[in-house]
Amino acid sequence: MYEGIVQDLIDELGRLPGIGPKSAQRIAFHILQTESFDVTKLAETLLAVRDKVRFCEQCGNVSEQDLCSICRDPRRSQNLICVVEEAKDVVAIERTREFRGLYHVLGGAISPIDGIGPDDLRIRQLMQRLADGTVEEVIIATDPNLEGEATATYLSRLLKSLEIKVSRLASGLPVGGDLEYADEVTLGRAFEGRRVVVG
């Protein structure tokens, strides 16, 4: 424990997701000991993010305008929507440069343990987007964990009544991984998602 404001800084940094007590302490001391670190710029940026950044009215992605840059891009395919849990997932998919459609950010995943049900997510907004018949395929790209699977199953059942193709991102073994370390679910998915190489 440190005195006063130093401990306050460590405590505040420790409240950020993924930052434990040791990391918070390291960051705090980096700020204190590095003369070139521009604390004013960091504070101004944090305040600007709070003031200017909002969520896209159409897809739920982060944006400084009413519509995000992806929804405003006329080159994007309007008949293809990729459903993700969080805005950070949009960035991950965009880095692949494989997807040229639109997105829909749910704002989380179904998790009864955490008290998050379908009504707490942006599922109603997704259904409104699909109502006009423009979309031909919905790709469900939720995380391959218990909550993501529950969300994908719920969405698949909900979308079954619509005349829309529904697909799920394949999941399986990571490149460079060893079979002996793969869990049963991942290995099972790898078998389900296998593709023909010859014949």
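The values are calculated or read from the model by the stated rules, or taken from the named source; none is laboratory data. Keep in mind that this is a model prediction, so the values were computed, not measured. Don't worry about glycine lacking a Cβ; one is built from the backbone with ideal geometry, like all the others, and counts go over all protein chains shown.
Structure notes:
- Residue 102 vs. criteria surrounded by 15 or more Cβ atoms within 10 Å (Cβ to Cβ), touching a Lys or Arg at 6+ places or on another chain (Cβ under 6 Å) and closer than 24 Å to residue 61 by Cα: yes
- For residue 81, the conditions (1) part of a helix (DSSP H, G or I); (2) of a type outside the set (S, T, N, Q); (3) touching a residue at least 24 places away in the same chain (Cβ under 8 Å) all hold with the exception of (1).
- Condition check for residue 98: of a type outside the set (Phe, Trp, Tyr) and more than 17 Å from residue 140 (Cα to Cα): no
- Test: residue in region 150-170 that is in contact with an Asp or Glu (Cβ under 8 Å, 6 or more places away or on another chain), closer than 28 Å to residue 54 by Cα, surrounded by 14 or more Cβ atoms within 10 Å (Cβ to Cβ) and hydrophobic (A, V, I, L, M, F, W, C): no
- Helices (runs of 4 or more DSSP H) fully within region 1-59 that include at least 1 residues being within 30 Å of residue 78 (Cβ to Cβ) and free of Cβ contacts under 8 Å to residues at least 40 places away in the same chain: 39-52.
- Of all residues in region 165-176, those satisfying the criterion of being within 21 Å of the chain's Cα centre (by Cα) and part of a loop (DSSP other than H, G, I, E, B) are 169, 170, 171, 172, 173, 174.
- Criterion applied to 75, 54 was being basic (Lys, Arg) and either loosely packed, with under 11 Cβ neighbours inside 10 Å or closer than 30 Å to residue 163 by Cα (or both), and the one residue passing it is 75.
- Any hit, region 145-164, residues being part of a strand (DSSP E or B), at negative phi, of a type outside the set (Val, Ile, Thr) and at pLDDT below 95: no
- Within region 1-38, the set of residues being modelled with pLDDT of 90 or more, loosely packed, with under 11 Cβ neighbours inside 10 Å and β-branched (Val, Ile, Thr) comprises just one member, 5.
- Residue that is farthest from the chain's Cα centre (by Cα), among those in region 73-90 that are more than 11 Å from residue 61 (Cβ to Cβ) and among the basic types (Lys, Arg): 75
- Pairs with Cβ under 6 Å, 6+ apart, first in region 140-163 and closer than 16 Å to residue 81 by Cα, second hydroxyl-bearing (Ser, Thr, Tyr) and part of a helix (DSSP H, G or I): 142/151
- Restricting attention to region 88-124, the residues that are charged (D, E, K, R) and assigned to a loop (DSSP other than H, G, I, E, B) total 4.
- Selection within region 115-135: residues that are over 15 Å from residue 85 (Cβ atoms) and among the hydrophobic types (A, V, I, L, M, F, W, C). The member of this set that is farthest from the chain's Cα centre (by Cα) is 131.
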